[in-house]
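Undergrad: The structure follows.
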Amino acid sequence: GSMKPNAVCLSLVKYCIIVILTVLLTTQYWLHGSGSLSAQSGPNLNRRVVNCSRAAQDATFALFLLVSHKHMHYRHLIESLKRSDLPRSTSIFISHDATNPSMMALSEELRKTFTRTSIVLHPFTCNATAESMKLQHDGFPRFDPTGKELDYWQWSCAKNHWVWAMNRVWNFYPRLQWLLYLEEDFIVAKHVFKLQRALSLRAASAGYFGTMLQCRDNLWTVSGCLKRGAWLAVKDHAKFYCSLPEYNWDLTFKQTMLHYSHTQSLQYVCPKMKLAEHLGVFGKGLTHGQAMPEAELQAKMQQARDAFYLATDNIRTLQSGQINRQHFHTVHKGLGGFGKPFQKHCLEVMSYFDTHAKSSFQFD
């Protein structure tokens with residue numbers, strides 16, 4: 001009953017071929033899973049999924065975090081989520097712009113509490129060194145053909161990271177209906193989950209595209225919770241979204257919705273009191289873009305955090321009189337900065353997910 005030597009060798013050869021093919025196919029599968037594009041569109045193919053949870057894919061509600069390199073801010077967000085009423089079974093999706101070890105460690109710390117946390121890397125990293133980005137001729141277009149750095153590249157790259165990650169997260173969760181979006185320099189109220197559910201119930205009708213944890217006149221931005229239908233409306237008009245000369249993703253989102261308002265509601269629901277606090281330094285942040293020593297900034301952040309928690313820790317319910325409606329208005333041609341190379345990259349990302357994502361996102 002023993003096999004002949006030649007038969008044994010042939011079996012071993014077949015086994016080795018099968019193993020090699022399996023490894024190659026699996027590698028290609030993971031690369032597609034992380035959103036890698038074709039050779040014509042970039043990016044660094046060594047960037048890949050860090051950790052993803054298959055169990056999370058059945059989620060109808062998920063939390064999405066977009067992070068880069070603000071370690072001090074991100075720690076406050078992690079602590080904020082851990083002290084909140086967010087169920088430990090919540091599906092959380094984190095898109096890192098770069099493989100910053102301290103940032104990655106914080107995400108892994110969050111994953112110990114929220115086990116259905118998936119972590120991916122943005123393949124077109126905005127925080128790479130200039131030298132490495134010059135070598136990535138098929139990556140994000142930071143430089144013109146002469147090697148000169150393009151104006152507004154950093155803001156435009158952040159906008160395109162949002163585009164890539166939004167495509168990524170909606171495809172990863174095929175049953176997802178509500179997506180709560182936060183960035184690394186925000187914190188949330190202690191009872192944020194219960195309060196967000198109250199807002200979502202109010203916004204459940206077709207008259208609203210989502211909710212937000214703070215009211216911002218004529219703007220929907222970070223701390224917003226979006227319905228799938230609203231995201232699909234943006235996807236359906238990807239050419240307009242990517243071609244608008246505007247480097248802010250949230251202003252571009254608003255203008256896209258306004259431009260096609262005949263097919264989509266322009267209203268969202270928000271609480272009269274803030275249920276999210278921005279600890280960042282730009283926009284309506286703590287310093288409005290003004291530079292300050294790290295120790296001073298840290299003290300300012302802690303002061304703002306403590307004041308926010310003091311004001312919101314006892315808020316457990318929202319009455320009708322505590323809920324507002326906001327709506328988009330005022331068509332605008334864009335603030336500029338988002339030039340042709342950035343527009344082309346945005347469209348390539350959108351196009352990739354249209355043609356590849358649906359068949360390549362079911363993985364563990």
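The values are calculated or read from the model by the stated rules, or taken from the named source; none is laboratory data. All values derive from a computational prediction rather than experimental measurement. Glycine gets a Cβ as well: all are built from the backbone with ideal geometry, and neighbour counts include every protein chain shown. Heavy atoms of the whole protein, side chains included, go into the accessibility calculation; ligands, DNA and RNA do not. Shrake-Rupley method; radii C 1.70, N 1.55, O 1.52, S 1.80 Å.
Undergrad: Suppose R0 equals 30 Å; then what is the FRET efficiency for Lys148 and Asp354 from their Cβ-Cβ distance, rounded to the nearest 0.05?
TA: Rounded to the nearest 0.05, the efficiency is 0.40.
Undergrad: Let me ask something else. Residues in the range 289-321, backbone N under 20 Å from the label point at Lys82 (7 Å along the Cα-to-beta-carbon vector): list them, ranges by number please.
TA: Under cut-off, by backbone N: 298-299, 301-310, 313.
Undergrad: Determine the order of Asp58, Asp313 by accessible area, beginning with the largest, at a probe radius of 1.4 Å.
TA: The residues order as Asp58, Asp313, largest area first.
Undergrad: Computed over the Cα atoms, what is the radius of gyration of the range 75-127 divided by 2.2 N^0.38 Å, N being its residue count?
TA: 1.15
Undergrad: Moving to a separate point now. Name the aspartates and glutamates eligible as straight-distance cross-link partners of Lys194: C-alpha to C-alpha under 12 Å, and not fewer than 8 places from it in the same chain.
TA: Answer for Lys194, where 12 Å is the Cα cut-off: Asp85, listed by chain and number.
Undergrad: For a paramagnetic label modelled at 7 Å from the Cα of Leu258 toward its Cβ, which residues of the range 315-355 fall within the zone defined by backbone nitrogen distances under 16 Å?
TA: 326-336
Undergrad: Return one whole number: the accessible area per residue of the range 211-319 in Å², for a 1.4 Å probe.
TA: Values: 4880 Å² over 109 residues.
Here the residues of the range 211-319 average 45 Å² of exposed surface.
Undergrad: Using the per-residue mean of other Cβ atoms lying within 10 Å as a proxy for protection, in what order, highest first, do the peptides 234-243, 271-280, 219-228 fall?
TA: 219-228, 271-280, 234-243
Undergrad: Cut-off 20 Å, label point 7 angstrom out along Cα-to-Cβ of Gln303: give me the residues of the range 69-107 whose amide nitrogen falls inside.
TA: 72-74, 76-77
Undergrad: Let me ask something additional. Taking R0 as 35 Å, what FRET efficiency do you get between Asn324 and Glu108 from their Cβ-Cβ distance, rounded to the nearest 0.05?
TA: Working from the Cβ atoms, E equals 0.40.
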